1. Please identify which residues in region A:328-357 have an amide N closer than 17 Å to a label point set 7 Å out from the Cα of A:K275, following the Cα→Cβ vector.
2. Below 8 Å, C-alpha to C-alpha, sequence gap of six or more: please give me the relative contact order for chain B in percent.
3. Whose amide H sits under 5 Å from the amide H of B:L468, counting only residues 5 or more places off or on another chain, with H placed in the peptide plane?
4. Given a 1.4 Å probe, how much area per residue of region A:192-326 is accessible, in Å²?
5. Under 8 Å for C-alpha pairs, at least 6 residues apart: give me the relative contact order for chain A, rounded to a whole percent.
6. Take the Cβ-Cβ distance between B:K255 and A:L201 as r, set R0 to 51 Å, and report the resulting FRET efficiency rounded to the nearest 0.05.
7. Using the alpha-carbon centroid of each, what span in Å lies between region B:405-433 and region B:284-325?
8. Tell me the net charge near A:G86. Cut-off is 13 Å between Cβ atoms, A:G86 excluded, with +1 for each Lys or Arg and -1 for each Asp or Glu.
Amino acid sequence: MSDTDNPAPAENRPTSSQNWPGQDRTDQLVERVQQAITDNAPLNIVGGKSKSFLGRSQTAPSLSTLEHTGVVSYEPTELVVTVRAGTTMLELTQLLAQHGQMLPFEPPVLNGGTIGGVLACGLSGPARPFAGSARDFVLGMRVINGQGKALRFGGEVMKNVAGYDAARLQVGAFGTLGVLLETSMKVLPLPEAQLTLQHELQSANTTDGIVKLMRQPLPISAAAVIGTSQFIRLSGSASAVSAAARTCGGEEVENADAFWQSIREYEHPFFSSEKALWRISVAEYVAPIELDGDWLIDWAGGQRFIKTDLEAETIYAAAAAVKGHASCYSALQMADSVALFQPMDGVMRSLQKRVRDSFDPQRLFNPGRFHPELDA
Amino acid sequence: MSSQAAETSQLTATDIASRRQRFAQALTAFLPASCILSTTEELKPYESDGLTVFKKTPLLVLLPETIEQVQAVLRWASETKVPVVARGAGTGLSGGALPHEEGILLGLAKFNQILELNTELGFARVQPGVRNLAISDAARPHGLYYAPDPSSQIACTIGGNVAENSGGVHCLKYGLTIHNVLAVTVVTIDGDLLEIGSSAMDSAGYDLLSIMNGSEGMLAVVVEVRVKLLPTPPSAKLIMAAFNSVEDAGSAVGKVIAEGIIPAGLELMDKPAMVAAEAFANCGYPTDSAALLLCELDGLEEEVTAQIKKVSSVFKACNVSELRVAESEEERLLLWKGRKSAFPAVGRLAPDYYCIDGTIPRGQLPYVLRRMEQLSAEYELPIANVFHAGDGNLHPLILFDANIPGETKRTEELGSRILLLCVEVGGTVTGEHGVGVEKINEMCVQFDEDSLVQFHAIKAAFDPDGLLNPGKAVPTLQRCAEFGAMHVHHGNIPFPNLERF
């Protein structure tokens, strides 16, 4: 028995009455996966192809979600949007903004990027340490697994503890646990007021000051360090933001939206470089990592980008030494022999491999793209 | 909820007794004798959790004191193929910690230490048997707290919170357990120790923390939890608003959110619940109205003052019949008291009540309440409703008398119809109490066969022999048949001193 056997009267369904443009390509996508099962031939899942800088590029035939588009339901007062994976980030963020709302994890829009791609790659922007990550805002997901079945996990409500949270598990799995079809996400109101403060630090790349501020009840919504400049963004009611600004101190930054957007979209001048770009994810309070290169520190210190010519092994060792992990953001310029994500070993590797088995036993989805050690 | 969980053992009493003795003997190799409970009197307190209608006697109760002991026990269980049910404080309401008659119950109560309270860096490392409220109590002098606040927080443990992905009154704004747990250290069924999550904001590979939270003890045994500590909001204010129709109250909730305000707590009571709560707590609810909203706002003083003004004007525009902003902390707590005692208050109206735990899209509330009124008339059983209006979690309480022949069965049927209704409007059969054994059959309505098959495959990736908490949370396909709900007999709720809402 499925949940569709007992439909509520149309006017009572949780979907809004509005007809959103878009098209449902579930049947075609399922058919394509079933063909791949029969042929035992892997698929390269693609959307807007805006994130080829992440993970090993694929030679397998493409399975595109780009025609599987549109908002399925959006009722602003429910704070939930349900959208098909091929919907572009641009369309989605514009629609939410029209209703005074946003995806609170501030994912990158990129050039033609889709919501499916954002979730598959698990990307969150500057607000992440304060608002939460992409997976935190996922309420439900429809996916096709490696058996060619269209599954539904989670739902469209905020509080739901029925079944394993296999929807959130898909976030950041780079499509290796299934083809994302549709997602329901929690959305929140845009803040009434925002203000960014710049403060000069004694020494470069330190996050001590930010960590101290984070222990106070301040409406901080982003915190970054570039060299010796520390940037703190405050969001909330106008009165709260101005009160908090007095506590934080520093110079107000003009055109701050463009600054944060340039970090979120990897368009800040820092990101244009001949050198390889790596991301190190680490506790925000960790002291500056001693690796030779240029740094841009976001997420209050939790996400640190480095431009460097160092060997991958050196970067992975340095990340592991501070209990973090690294990943390469310049995949296209890396040799095939280089691991692009911090390699796993031991019990964790075996467990993750069995998780991959449980969704995609034939290794049809993006083999090699994510952690090749899970594909063997 | 009657027959489905009572999967009784095929073993004879003699088999059970000899096995109990044999296992107890074998386990002394890894555990001090004082950590192994095997007599009838010792086992009795563990035969159920907070859902006392289901009772089973485990072969043994083990109360290990070290992680090494937990590892040794699980390694032994894996080799001997003995089922293991982990248990925290046993306050769960869905039978998730119901023992297995042929298995051992692994009590983690002795793991009750806060290992590290790092107020500078904003986290705590705690053992799984630490009570939820104990974390906030320890952090409060430093201006910090642990956000998720399930109603049973004075007694429930953080290990159980992870297993159930517990929520609380404030989860619309501050999230569930999954949003506030940074890492868990677990022991796998093979006895391996593994850290899932880390001190960083994400980890390499798959986000296994997502499925650990809310996995109801099916995947691994949690032995340490790293939680986020947040700064305590300097100000919290409560508005009470009464309405002449549930529709008006429901639309007021939507309009508050449309204003861009996310309240810290937003609770709705229908007339029967409000009348019962007022009779119980004398908190000054206007019982002549049809629905009551309690809306709490927290944050910086400046923000809260601005929001109180806005919310008040929204309510005024929604035909509010009475509006009150709590002027003092005493008044705020008194207004909350009525809401927090709604369960025991309703419990006084009839010999028995069933508590249902579904979630619906908020906008569906008027329709769902209308349908429930019809169902209530059809089954001739009164229903009172308390509703976490912010996140759509609905707790209908069905009043009945188990001593009237056939009434329990009618109540069970009505409960099923209500849960079906929740699924029908796009909701879920459990918002916060978990599936356990109680709602295992309703899972068949909410999920199709293919999704259930995938759940079993996930389980097998962690626990190939199905030894961890067998028979809970995810139904086998053969089992997809009946439905159920929580049964409370003669006001005899488990842990009657705990707030339940």
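1. A:328-331, A:333-334
2. Details: 1090 pairs, mean separation 81.5, N = 501.
16 percent.
3. Amide H neighbours of B:L468: B:V84.
4. Working: 5740 Å² over 135 residues.
Dividing the accessible area of region A:192-326 by its residue count gives 43 Å².
5. Numbers: 770 pairs, mean separation 65.9, N = 376.
Contact order relative to length: 18 percent.
6. Details: r = 44 Å, r/R0 = 0.87.
About 0.70, to the nearest 0.05.
7. Computed from Cα coordinates, the inter-centre distance equals 31 Å.
8. Residues near A:G86 contribute 0 overall.
The values are calculated or read from the model by the stated rules, or taken from the named source; none is laboratory data. Please read these numbers as outputs of a predicted model, since none were measured by experiment. Positions of Cβ are backbone-derived with ideal geometry, glycine not excepted, and every protein chain shown enters the neighbour counts. Please note that ligands, DNA and RNA were not included when accessible areas were found on the heavy atoms of the full protein model with its side chains. Shrake-Rupley method; radii C 1.70, N 1.55, O 1.52, S 1.80 Å.
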